[in-house]
Amino acid sequence: MPMTAIKRCMMNTIIKGIGMMARSYNAEAIETLVHLMRHGKDERVRGTAAQALLDSGWGKAKVGVVSSGEDGYLELMRLVNEQIKHEPRLS
């Protein structure tokens, strides 16, 4: 059965309301991700939290990361982090 204009309008209103409600938790979600990134007991949790923060702030990466093993992605993140630490900062 095709959706009528009224039903579409109601669905759009509901979806907007859900989005607004979800955005009301942004600060708490960011605080939680920062805590997990800094204090998570599992390295995978810390890496996932860091990636979620980066995705939230910069958007998702436009290219995929291909790794040859289970820890390949985490190793790549470590290498990138080391590279960033050693690069001179722009003034």
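The values are calculated or read from the model by the stated rules, or taken from the named source; none is laboratory data. Here the structure is a predicted model, which means the values were calculated and not measured. Glycine gets a Cβ as well: all are built from the backbone with ideal geometry, and neighbour counts include every protein chain shown.
Side notes on the structure shown:
- Qualifying residue in region 14-23 (condition: surrounded by 11 or more Cβ atoms within 10 Å (Cβ to Cβ) and either at pLDDT below 90 or not aliphatic (A, V, I, L, M) (or both)): no
- Among the residues here, LEU76 does not qualify as assigned to a helix (DSSP H, G or I), surrounded by 10 or more Cβ atoms within 10 Å (Cβ to Cβ) and modelled with pLDDT of 85 or more.
- Scope region 1-57; condition under 30 Å from ASN81 (Cβ atoms), among the charged types (D, E, K, R) and part of a helix (DSSP H, G or I); matching residues: ARG23, GLU28, GLU31, ARG38, GLU43, ARG44, ARG46, ASP55
- Cβ separations smaller than 8 Å between residues 6+ apart or across chains give the following pairs from region 30-55 residues that are closer than 16 Å to LEU74 by Cβ to residues that are among the aromatic types (Phe, Trp, Tyr) and in a helix (DSSP H, G or I): GLY47/TYR73.
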